[in-house]
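A.B. asks: After the structure tokens below, expect a handful of questions from me.
The values are calculated or read from the model by the stated rules, or taken from the named source; none is laboratory data. Here the structure is a predicted model, which means the values were calculated and not measured. Methodologically, a virtual Cβ is constructed for each residue, glycine included, from the backbone with ideal geometry; neighbour enumeration extends over all protein chains shown. What goes into the accessible areas is simple: the full protein's heavy atoms, side chains included, and nothing from ligands, DNA or RNA. Shrake-Rupley method; radii C 1.70, N 1.55, O 1.52, S 1.80 Å.
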Amino acid sequence: MHRGQGQLFLLPLLAICLGAQGRNQEERLLADLMHDYNPHLRPAQRDSDVVNVSLKLTLTNLISLNEREEALTTNVWIEMQWCDYRLRWDPRDYEGVWVLRVPSTMVWRPDVVLENKSQTYSTNEINLQLSQEEGQTIEWIFIDPEAFTENGEWAIRHRPAKMLLDRAAPAEEAGHQKVVFYLLIQRKPLFYVINTIAPCVLISSVAILIYFLPAKAGGQKCTVAINVLLAQTVFLFLVAKKVPETSQAVPLISKYLTFLLVVTILIVVNAVVVLNVSLRSPHTHSMARRVRQVFLRLLPQLLRMHVRPLAPAAVQDARPRLQNGSSTGWPIPGGEEAALCLPRSEVLFRQRQRNGLVRAALEKLEKGPEPGQSQELYGSLKQAAPAIQACVDACNFIARARRQQSHFDSGNEEWFLVGRVLDRVCFLAMLSLFVCGTAGIFLMAHYNRVPALPFPGDPRPYLPD
């Protein structure tokens, strides 16, 4: 029993001794390697020797792209490999220790920093090159599928890496050689389609619908169009806050919003012009024969518009006359003009007086002349003649007034029909412009894709086999 306990006690003690011996070997190796080691000196046995440094970039996360400041934020691991002859040892001298991990501050490191575009260094001291694995040069940015987090706005299409040499720059300058890592990314359009493009298209469609209002409703049309214009301006302002302030390229979404603004402004101009034409009258404008022929006969047939047929111009200008009256010219007779200026009671009194004289003369003519009353009949007719003449003139005046009003209404209706036809022409023109422009810009976005290969003319895909 006591013997078994002694064996159990010796086993942990043996493990502790071996662990201490293992740590002592690493400490002894570290002490031997760091003896007379200067981390500030380049690991070259001769001054003419060049240290080969292999680079490998591992992308773990594409965080964001600030388009206004043109800054791409990523998480990457930079792996650099080189050979330092001062850190060599024989594992048999240290009981099989093959790997020793030390802090990076204790050894020499190549003065290679990650710049915005490339890795650079002088070729007289360091020779940059891409890493190799399994006999294949890694000409791409490595992505660890287990550690990589996909971005919700941008998709990585190509990730090549190139070793570039600037022949024009001297070899001792830092810009002579560089390793460039490229990221060709493409925006995922769903967010902007739902939050920007679709609302703009719907709002602009409302601006097209104002043509279904009557031609004379120009005020309501302008109100709707200006409201749409303000909404589009808000969207354009929001987009302008995100895009960079550069004149080298204009985003497609800015082009589309500007196009919508132009279409809406043209709709406002069309509404003003149609309203101006619809409110014209014969007193202010005379319609030319060519305008009447084009807008009242030709275009309504082409546009399939139902327009009431109008009388020819010659018939409209005709002025029928009463045969039992005197001249039927446009000027109003002096007596009628004076009568129109009298008070209502005086006018009624004169009308009753004339009606009494005319009625008495007509009754006598109906009964026939009695013997001895011919002179009296002639006197009555002579006395009633001015009243009869005044009645005829009044009838002619009323006919002329009705004819003038009919002519005026016909002229107003013609101008209104011209406004309707012009409104329909503007509607078709703006609808065609809106549809064609929207389709054209969307096709530009469809064909504005990342190329199948990262570099034009270079058939290599820069991806693992």
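A.B. asks: What pairs come up if the first residue lies in region 278-302 and is at negative phi, the second is charged (D, E, K, R) and in a loop (DSSP other than H, G, I, E, B), and their beta carbons are under 8 Å apart, counting only those six or more places apart or on different chains?
C.D. replies: Correct list of pairs: SER278/LYS216; LEU279/LYS216.
A.B. asks: Within the group ILE210, ILE197, ILE203, which residue is open to solvent by less than 50 Å² (accessible area, probe 1.4 Å) and within 21 Å of MET444 (Cα to Cα)? Even if it seems obvious, please write down each step before you answer.
C.D. replies: Working: ILE210 fails: within 21 Å of MET444 (Cα to Cα); ILE203 fails: within 21 Å of MET444 (Cα to Cα).
Only one candidate qualifies: ILE197.
A.B. asks: Follow-up question, since we're still on this one. Hey, can you tell me all the residues within region 86-115 that are among the aromatic types (Phe, Trp, Tyr) and under 16 Å from HIS40 (Cβ atoms)?
C.D. replies: Narrowing region 86-115 to residues among the aromatic types (Phe, Trp, Tyr): 89, 94, 98, 108.
Once the filter is applied, which keeps residues that are among the aromatic types (Phe, Trp, Tyr) and under 16 Å from HIS40 (Cβ atoms), region 86-115 yields only TRP108.
A.B. asks: Filter region 416-465 down to the residues that are acidic (Asp, Glu) and open to solvent by 70 Å² or more (accessible area, probe 1.4 Å) and list them by number.
C.D. replies: Restricting attention to region 416-465, the residues satisfying the condition of being acidic (Asp, Glu) are 423, 458, 465.
Selection gives ASP465 alone.
A.B. asks: Return a yes/no flag: does region 31-51 have any residue that is open to solvent by less than 80 Å² (accessible area, probe 1.4 Å), assigned to a strand (DSSP E or B), touching a Cys at 6+ places or on another chain (Cβ under 9 Å) and farther than 30 Å from THR149 by Cα.
C.D. replies: Step one: filter region 31-51 for residues open to solvent by less than 80 Å² (accessible area, probe 1.4 Å), giving 31-34, 37-39, 42-44, 49-51.
If we keep only those that are assigned to a strand (DSSP E or B) as well, we get 51.
In the following step, the residues that additionally are touching a Cys at 6+ places or on another chain (Cβ under 9 Å) were identified as 51.
Narrowing the set further to residues that are farther than 30 Å from THR149 by Cα leaves 51.
Scanning region 31-51 turns up at least one residue that is open to solvent by less than 80 Å² (accessible area, probe 1.4 Å), assigned to a strand (DSSP E or B), touching a Cys at 6+ places or on another chain (Cβ under 9 Å) and farther than 30 Å from THR149 by Cα.
A.B. asks: Residues in region 97-136 that are more than 28 Å from GLN25 (Cα to Cα) and either at pLDDT 80 or above or open to solvent by 50 Å² or more (accessible area, probe 1.4 Å) (or both): how many?
C.D. replies: Applying the first criterion (more than 28 Å from GLN25 (Cα to Cα)) to region 97-136 yields 110-136.
Checking the rest, the ones that are also either at pLDDT 80 or above or open to solvent by 50 Å² or more (accessible area, probe 1.4 Å) (or both) come to 110-111, 113-117, 124-125, 127, 129, 132-136.
Within region 97-136, residues that are more than 28 Å from GLN25 (Cα to Cα) and either at pLDDT 80 or above or open to solvent by 50 Å² or more (accessible area, probe 1.4 Å) (or both) number 16.
A.B. asks: Looking only at region 216-237, filter to residues that are at pLDDT below 85 and open to solvent by 40 Å² or more (accessible area, probe 1.4 Å); which one of those is nearest to VAL421 (Cα to Cα)?
C.D. replies: As a first pass, look at region 216-237 and keep what is at pLDDT below 85: 216-219.
Narrowing further to those that are open to solvent by 40 Å² or more (accessible area, probe 1.4 Å): 216, 219.
Values: LYS216: 12, GLY219: 18 Å.
Selected residue: LYS216.
A.B. asks: Same structure, new question: What about ILE63, is it at pLDDT below 90, at negative phi and assigned by the TED database to the domain that holds LEU183?
C.D. replies: Numbers: at pLDDT below 90: yes; at negative phi: yes; assigned by the TED database to the domain that holds LEU183: yes.
When the stated conditions are applied, ILE63 passes them.
A.B. asks: Still on this structure, I have one more. In region 52-81, how many are part of a loop (DSSP other than H, G, I, E, B) and either open to solvent by less than 60 Å² (accessible area, probe 1.4 Å) or free of Cβ contacts under 8 Å to residues at least 40 places away in the same chain (or both)? Outline the logic, then answer.
C.D. replies: Taking region 52-81 as the starting set, the residues that turn out to be part of a loop (DSSP other than H, G, I, E, B) are 67-70.
In the following step, the residues that additionally are either open to solvent by less than 60 Å² (accessible area, probe 1.4 Å) or free of Cβ contacts under 8 Å to residues at least 40 places away in the same chain (or both) were identified as 67.
Total meeting the criteria: 1.
Residues are listed down the side, and each one gets a yes or a no for (1) among the β-branched types (Val, Ile, Thr); (2) in contact (Cβ under 8 Å) with a residue 40 or more places away in the chain; (3) not assigned by the TED database to the domain that holds VAL262:
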site	(1), (2), (3)
ILE143	yes, yes, yes
PHE148	no, yes, yes
PRO160	no, yes, yes
LEU183	no, yes, yes
ILE194	yes, no, no
LEU202	no, no, no
LEU209	no, no, no
ASN227	no, no, no
THR233	yes, no, no
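A.B. asks: Would you point out the residue of region 272-306, among those that are polar (S, T, N, Q) and over 34 Å from the mean Cα position of the chain (by Cα), that is most open to solvent (accessible area, probe 1.4 Å)?
C.D. replies: Initially, region 272-306 is screened for residues polar (S, T, N, Q), giving 276, 278, 281, 284, 286, 293, 301.
With over 34 Å from the mean Cα position of the chain (by Cα) added as a condition, the list becomes 281, 284, 286, 293, 301.
On the way: SER281: 18, THR284: 91, SER286: 106, GLN293: 99, GLN301: 135 Å².
For region 272-306, the residue satisfying everything is GLN301.
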